[in-house]
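Here is the structure we will look at, set down as structure tokens.
Here, each number is a calculation from the coordinates, and none is a lab measurement. Note that this is a predicted model, so its numbers are computed, not measured. FYI the Cβ positions are ideal-geometry reconstructions off the backbone, even for glycines, and counts take in every protein chain you see.
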Amino acid sequence: PHKAIKKICCIGAGYVGGPTCATIALKCPHIDVTIVDLNQARIDAWNSDNLPIYEPGLDEVVKTARNRNLFFSTDVDKAIIEADLIFVSVNTPTKKSGVGKGYAADLGYVESATRHIAKVATSDKIVVEKSTVPCRTAASMRKILEANGKAGLRFDILSNPEFLAEGTAVKDLDAPDRVLIGSLDTASGFAAASSLVDVYANWVPRERVITMNVWSSELSKLAANALLAQRISSINALSAICEATGADVDEVAYAVGLDSRIGPKFLKASVGFGGSCFQKDILNLVYLSESLHLPDVAEYWRQVVAMNESQKRRFTEHIISSLFNTITNKRIAVLGFAFKKDTGDTRESSAITIIKYLRAEQAKVAIYDPKVEESQIWFDLAEPGIVDDVTALKKQVSISSSAYEAAAGADAVVICTEWDEFKDTNLDYEKIYASMNKPAFIFDGRLILNQNKLEKIGFKVECIGRSR
Ligand code: NAD
Ligand code: UGA
């Protein structure tokens, strides 16, 4: 016998907590879902017409369920007290100082949310790790809850990592490849897992909801991200060989992807992966391996991140050498600032690093992105703490309101994000060509352009993983 969940609280109204729990509310009208956060501005935005994150389809999900059985609030205590089940969906960034600096996950937010639950809970709770955490974090959470919770209360800890990708979050949540739930191998652990299985079973086919031990579940999340990122670094490593030999990386990816053991996905060569998680989670795995005295394993995974850094450097060096070894005072139009299309998220975006390299060469950079806010771009490019940097930055960098504006007077257009808007079927490249300095270069860092078509217009076209 296990408990039927009637009220859910989600701590953390970010990219994961918001869409995930909004979907649960949409699919389970009989369950009340309250998403809480300490950040008042973020909660206000969730309650407004202008949601704090851009995700295709999310507005509709939120509008349908909000104030029916979906609530956004900063009253963390009330939501915890009333809930049967609590998702902990707070951020777990890489540590910036202390032991494990630059590698280990900072679990400060997870710990403080856990302590908060222990402090205010007045009834039994199922506490679910939704955040991506190092293997064995559930044990720490349990110790904190047991040491600080009121006498006689039961806390069951589950691991339920999230696999959604930004830009397709609503689709991924609606029809996930799988939902993973890890629990302790005890009767109450199994009962808690069954309660959460029942929630997902409202819309996810039962065979796609899998259960396993809690440590496997925690590690599977890091493993999935490490393997996905490893594929991108592998194809990017091959792209360098293609550029030097005349092979074409898209053709190579197509040929190898037809092998059903390899498969076609996540083999698109690029300016390098970005996003808040791939690098963070691999470094986390590197740190875990080192803590377990497995230096060879650590080195293996570290190389995936090193390859990614090298790809961004190589791409920029190619821009500089193509432009006759100097880009000083040349206008370079950077199209795309988000880490991938269909999101306004810029965390760890390759564009940030590439622009940093271009600035170091004294180029004038004109940036256009269809979704990223101007203030976010300034924030990402400024070196924190250096006041003069902002003035210097604004002398070198400008933000344009269209691709045409960015390209006018430029020596080169550099595609950093694969927005559909930038495809040659959507932008008027004849107009862009006419407005640029000659020779007019295009560097396609995402392989979205028809090279022949653009060369016919007159462009010098340089693509990742291709040479002719
Ligand atoms: P985020 O920074 O967008 O959101 C986290 C939110 O938690 C913030 O709004 C913050 O104010 C809030 N918060 C922190 N401590 C709190 C506390 N004690 N009480 C209440 N609120 C608190 O982060 P995110 O991108 O949603 O990621 C959350 C977790 O999910 C991370 O562990 C991440 O690795 C993982 N993850 C992210 C993605 C993704 O696509 N972004 C996908 C899968 C997993
Ligand atoms: C990734 C995973 O895909 C999700 O399953 C996971 O839940 C999430 O991380 C997380 O843990 O945060 P996300 O980072 O949102 O999702 O987006 P991806 O589609 O994985 O793209 C990541 C980066 O890799 C982007 O910069 C993208 O442009 C790049 N990429 C992706 C490539 O360069 N080539 C590819 O073939 C695929």
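What the table shows:
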read-out: Distant-in-sequence amide H partners of V414 (H built 1.01 Å from N, under 5 Å); value: A333, V334, L335, F443
read-out: Sequence of T64, T168, T92 once ranked by neighbouring C-beta atoms within 10 Å, starting from the fewest; value: T64, T168, T92
read-out: E462, E405, E383 arranged by Cβ crowding within 10 Å, fewest neighbours leading; value: E383, E405, E462
read-out: Residues whose placed amide H lies under 5 Å from that of A363, excluding near-sequence neighbours; value: N329
read-out: Subset of K371/K460; K356/K460; K143/K221; K6/K371 violating a 26 Å alpha-carbon distance limit; value: K371/K460; K6/K371
read-out: For the stretch 324-403: relative contact order, % (alpha-carbon pairs under 8 angstrom, 6 or more apart); value: 34
read-out: Karplus-derived 3J(HN,Hα), 6.51/-1.76/1.60, for each residue of the stretch 295-301, Hz, glycine and proline x; value: x, 5, 5, 4, 5, 4, 6
read-out: Cysteines without a disulfide-compatible partner [the chain; Cβ-Cβ under 4.7 Å]; value: C9, C28, C135, C242, C277, C416, C463
read-out: Under 16 Å from the Cα of K96 - aspartates and glutamates, other chains or at least 8 residues apart; value: D106, D281, E348, E383
read-out: Amide hydrogen neighbours beyond the local backbone of V209, cut-off 5 Å, H modeled; value: V179
read-out: Mean Cβ neighbour count within 10 Å, used as a protection proxy, ranking 153-162, 69-78 highest first; value: 153-162, 69-78
read-out: Karplus (6.51, -1.76, 1.60) ³J(HN,Hα), θ = phi - 60°, over the stretch 141-149, in Hz, Gly and Pro reported as x; value: 4, 5, 4, 5, 5, 5, 6, 10, x
read-out: Convex hull projection area averaged over all views, the chain, Cα basis, nm²; value: 23.6
read-out: Proximal charge balance of E218 [Cβ under 10 Å; K/R count +1, D/E count -1]; value: +1
read-out: Computed E for E405/D177 - FRET, C-beta separation, R0 41 angstrom, nearest 0.05; value: 0.50
read-out: Proximal lysines to K456, defined as alpha-carbon separation beneath 21 angstrom and excluding residues fewer than eight positions away on the same chain; value: K423, K431, K438
read-out: Mean-position separation - Cα centroids, the stretch 260-304 and the stretch 181-233, in angstrom; value: 20
read-out: Fraction of antiparallel bridges per DSSP, the stretch 75-160 only, in percent to nearest 5; value: 10
read-out: J(HN,Hα) series, the stretch 123-133, from Karplus relation 6.51 cos²θ - 1.76 cosθ + 1.60, nearest Hz, glycine and proline x; value: 8, 4, 9, 9, 10, 10, 6, 9, 4, 7, 9
read-out: All aspartates and glutamates inside 14 Å of K171 as judged from Cα atoms, apart from same-chain residues fewer than 8 positions distant; value: E55, D59, E60, E162, D342
read-out: Lys/Arg +1, Asp/Glu -1 at C-beta; the chain dipole; positive extreme among I327, I144, G182; value: I144
read-out: Ranking of L292, L427, L196, L38 by count of other Cβ atoms within 10 Å, fewest first; value: L292, L38, L427, L196
